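Enquirer: Below you'll find the structure I mean.
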Protein chains: 2
Amino acid sequence: MHAIEDAPGLRERKKRRTRDALIRSALELFSLKGYEGTTVDEIAAAADVSQRTFFRYFTNKEEVALSVQLMAESRFFAAFLERPAAESPLTALRTAVLASWDGIEEAIEAVVPLELHVRTYGMIQETPQLLAAHLRRLAELEDRLAAEIARREGLPPQDPRPRILVAAFSGVMRETSKLWADAAGGDFSELRGTTAAYLDQIGPALAENWRS
Amino acid sequence: MHAIEDAPGLRERKKRRTRDALIRSALELFSLKGYEGTTVDEIAAAADVSQRTFFRYFTNKEEVALSVQLMAESRFFAAFLERPAAESPLTALRTAVLASWDGIEEAIEAVVPLELHVRTYGMIQETPQLLAAHLRRLAELEDRLAAEIARREGLPPQDPRPRILVAAFSGVMRETSKLWADAAGGDFSELRGTTAAYLDQIGPALAENWRS
DNA sequence: GGTCAAGTGGCAGTGGCTGACATAATCTCG
DNA sequence: CGAGATTATGTCAGCCACTGCCACTTGACC
C-alpha cells in the first residue's frame, strides 16, 4: 500500500473517464451541430450522465469547449517557468512555446482525436461567446507571464515593459494559432516555422519605418 | 419640410430617451447591486419599459454595460482614420488616442455621470463575463486597426507587423485604462501623461536587455 | 382623419445554471 | 469482511437571460 505513489483509486479513474467522455461528447456534438445548437442536456445524455453532473465537472458550457485548449496553455506556462534566468524574456517565451509543443499531439490524442481538436479551435474563433471566454483566459495568462517576468528580471510590478512584451508576444501567438487552425489540418511542425518567423518580426514591427 | 437636415422626429427623440434611460438605470443598478445581482427585469422596470423592449435596444445584458465604453472606442477609431498617411503607424495611434480624449468627458456626461462610468469601468474589470465581452470587442478593434494600417502602408494583409504593433499598443491601452479606473476618480488629464509615458516604453520593451 | 409603418407589451417557451435533498457508489479501518 | 464516514450522482424545483409570436398603440405622412 505504501508502494506506487500515483496509483489512482477506482473513484479517481472513474471521474477521469466521465470527464473525458463529457469532453469527447461535447466536442463531437459541437462540431456536428454547432456550439449554440448543442444543449447541455444532449452532451450529458451522450456521456450518459445527468445534466447536473455535467455542471459538477464544468462550471459552464464554455469550459468544456475550451478544456483541451486549457491544457495546452498550462503546458506552455509550465515550460516557461522552467526557462533559466539567463535567457532574455523574449527568448524564454519563444523557447517555452516551442518546448511545450513537444509531445503535445499525444497529450491531446489522449483525450480527443487531434483532428476534432483542430475543428474545435476553428469553432472557438467563430463563436463570439467562446472567443470572448478564450481571450479572457489568455489575458489572465498574460498577467501571470508578466508577473513572472517582472520577478525574473527583478523589476517593480508597475514597470510596464513586461506587460508590453507579453502583449506583443501574445498577439503573435493568437495570429499563428489562427493560421494553424485555418490552413493546415493541424500539423504542428509547420506551425513551428511560422511562429519562429513571426516572433522574429516583433523587433521590426516596432521600428519606425517599414517601407525599406 | 425641406428645412433642417438633422431635425429628428418625435419618434427618434423618444427612442434616444428610452435608450439613455435604460443605460442610466442599468449602470446605476449595477453599481448598486453588482452586475450579476441585477436582473434585466429590474433594469427595464427602472426605465419604465417592458423586459421585451430592453432586448429590442440591446442584444443582451452585457451590451448595456459596455455601451459607454463602445462610444469611446468608436471615437478613437474615427480619430485614427483621420490621421495623415505621413505619420508612422505608432505615431498615428498615439495621436489618435489623445485626440479622441478631447471632449470625451462631455460626451460621456451626455449619457451618464462621469463618475458612474468610472465605477462601471472598474466593474467590467472585475466581472469575468463582462471582461470577456470587453476583450472580444477590443480584439475586433485590433483587427480593424491592423487592417487599416496595412492599407495605409501598402502592406499585404498577411504581413504580421501591423498586428504585432497593434497588439503591443493595445496592451498599453488596457494597462493604462486599468490604472485610470483604479487610481484617479477618472481624471483624463492624468491619464494622458501616463499613456504617453507607457507608449514610450514600447521600444525599450522589445530591447533584449532591460537591466541597464 | 385615415392609413401605414414602427415601437411596445404580454405571454409562452427554451436553455443555462443553481440549491437542496435523497440515493448510491467508493473508501477506510477495525 | 462489514459498518460507518465520504463522496459522487440523480432528481426536482426554480431563477433568469433571451426569443418568437401576436395584439395593440403611437408617431408619420398624405
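The values are calculated or read from the model by the stated rules, or taken from the named source; none is laboratory data. On a predicted model such as this, the values are computed, not experimentally measured, just so you know. Methodologically, a virtual Cβ is constructed for each residue, glycine included, from the backbone with ideal geometry; neighbour enumeration extends over all protein chains shown.
Enquirer: What's the number of the only condition in (1) surrounded by fewer than 18 Cβ atoms within 10 Å (Cβ to Cβ); (2) in contact (Cβ under 8 Å) with a residue 12 or more places away in the chain; (3) within 23 Å of B:GLN69 (Cβ to Cβ) that B:PHE169 fails to meet?
Expert: (1)
Enquirer: I'm told B:GLU105 meets every condition in (1) within 16 Å of DNA strand D (Cβ to nearest atom); (2) away from chain A (no Cβ under 14 Å); (3) surrounded by fewer than 16 Cβ atoms within 10 Å (Cβ to Cβ) except one. Can you identify the failing condition by its number?
Expert: If we test B:GLU105 against (1) within 16 Å of DNA strand D (Cβ to nearest atom); (2) away from chain A (no Cβ under 14 Å); (3) surrounded by fewer than 16 Cβ atoms within 10 Å (Cβ to Cβ), just (1) comes out false.
Enquirer: Could you please let me know if A:ALA132 is free of Cβ contacts under 8 Å to residues at least 12 places away in the same chain and surrounded by 17 or more Cβ atoms within 10 Å (Cβ to Cβ)? Outline the logic, then answer.
Expert: Details: free of Cβ contacts under 8 Å to residues at least 12 places away in the same chain: yes; surrounded by 17 or more Cβ atoms within 10 Å (Cβ to Cβ): yes.
When the stated conditions are applied, A:ALA132 passes them.
Enquirer: Does any residue of the range A:195-212 turn out to be aromatic (Phe, Trp, Tyr) and not assigned by TED's automatic domain parsing to the domain that holds A:ASP102?
Expert: Residues of the range A:195-212 aromatic (Phe, Trp, Tyr): A:198, A:210.
Within this subset, residues satisfying the condition of being not assigned by TED's automatic domain parsing to the domain that holds A:ASP102 are A:210.
Yes, there is a match, as at least one residue in the range A:195-212 is aromatic (Phe, Trp, Tyr) and not assigned by TED's automatic domain parsing to the domain that holds A:ASP102.
Enquirer: How many residues, within the range B:16-45, are within 13 Å of DNA strand D (Cβ to nearest atom), touching a residue at least 12 places away in the same chain (Cβ under 8 Å) and either in contact with a Lys or Arg (Cβ under 9 Å, 6 or more places away or on another chain) or more than 14 Å from chain A (Cβ to nearest Cβ) (or both)?
Expert: Of the residues in the range B:16-45, 12 are within 13 Å of DNA strand D (Cβ to nearest atom), touching a residue at least 12 places away in the same chain (Cβ under 8 Å) and either in contact with a Lys or Arg (Cβ under 9 Å, 6 or more places away or on another chain) or more than 14 Å from chain A (Cβ to nearest Cβ) (or both).
Enquirer: When the range A:155-181 is examined, which residues are found to be of a type in the set (A, V, I, L, M, F, W, C) and either more than 9 Å from chain B (Cβ to nearest Cβ) or more than 15 Å from A:LEU93 (Cβ to Cβ) (or both)?
Expert: Narrowing the range A:155-181 to residues of a type in the set (A, V, I, L, M, F, W, C): A:155, A:164-169, A:172-173, A:179-181.
Listed by number, the residues that qualify are A:LEU155, A:MET173, A:LEU179, A:TRP180, A:ALA181.
Enquirer: In this structure, is A:GLY193 more than 16 Å from the chain's Cα centre (by Cα) and facing chain B (nearest Cβ under 7 Å)?
Expert: no
Enquirer: Quick check on A:ILE104: is it more than 16 Å from A:SER170 (Cα to Cα), free of Cβ contacts under 8 Å to residues at least 60 places away in the same chain and within 14 Å of the chain's Cα centre (by Cα)? Step through it out loud before you land on a result.
Expert: Values: more than 16 Å from A:SER170 (Cα to Cα): yes; free of Cβ contacts under 8 Å to residues at least 60 places away in the same chain: no; within 14 Å of the chain's Cα centre (by Cα): yes.
For A:ILE104, the condition - more than 16 Å from A:SER170 (Cα to Cα), free of Cβ contacts under 8 Å to residues at least 60 places away in the same chain and within 14 Å of the chain's Cα centre (by Cα) - is not met.
Enquirer: Against the definition (under 14 Å from the mean Cα position of the chain (by Cα) and either facing chain A (nearest Cβ under 9 Å) or within 16 Å of A:LEU165 (Cβ to Cβ) (or both)), how does B:ARG137 come out, yes or no?
Expert: Working: under 14 Å from the mean Cα position of the chain (by Cα): yes; either facing chain A (nearest Cβ under 9 Å) or within 16 Å of A:LEU165 (Cβ to Cβ) (or both): yes.
The answer is yes for B:ARG137.
Enquirer: To continue, here is another question. Across the range A:6-63, what is the total count of residues that are under 24 Å from B:ALA132 (Cβ atoms), among the hydrophobic types (A, V, I, L, M, F, W, C) and near DNA strand C (Cβ under 6 Å from one of its atoms)?
Expert: Adding up the residues that qualify gives 2.
Enquirer: Something else about it: Return only the number of the condition from (1) more than 10 Å from DNA strand D (Cβ to nearest atom); (2) modelled with pLDDT under 95; (3) outside any loop (DSSP other than H, G, I, E, B) that B:GLU12 does not satisfy.
Expert: (1)
Enquirer: Looking at A:GLN125, A:GLN158, which is the one that is surrounded by fewer than 20 Cβ atoms within 10 Å (Cβ to Cβ), polar (S, T, N, Q) and within 27 Å of B:GLU140 (Cβ to Cβ)?
Expert: On the way: A:GLN158 fails: within 27 Å of B:GLU140 (Cβ to Cβ).
Sole residue among the options that is surrounded by fewer than 20 Cβ atoms within 10 Å (Cβ to Cβ), polar (S, T, N, Q) and within 27 Å of B:GLU140 (Cβ to Cβ): A:GLN125.
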